[in-house]
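Written out below as structure tokens is the structure these notes cover.
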Amino acid sequence: MNDFAHQMQVQKVRIQYGEQGIMSIAEVSVLDWKGSNLALNKLATQSSVDSDFEALKAVNGDFDDKTQTYEEEGEYHLFDVSVS
Ligand SMILES: [Ca+2]
């Protein structure tokens, strides 16, 4: 059995705010043990979409654009890093 036999396999990452507010994200990185970003260009959703600030902008590799929700209670982003 090698050292990596017990490594975790991540399927989804959820980021949620606990109070009413606006969530905005430029980029999310989920790194594997080699440092590769598992979130890059993967499926992304968010609790609401303000204008054209859709969730895919958090995983497109571009720090100059961003996501944004409306102001709401418990706003969140969800990233499925298991789908290639
Ligand atoms: Ca971005």
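If you average the C-alpha positions of segment 18-36 and of segment 52-75 separately, how far apart do those two centres end up, in angstrom? Cα centroid to Cα centroid, the span is 10 Å. With the largest listed first and rounded to whole Å, the semi-axes of the equivalent ellipsoid of the chain from the Cα gyration tensor are 27, 14, 9.
No lab work stands behind these numbers, since they all come straight from the coordinates. These numbers come from a predicted model, not from an experiment.
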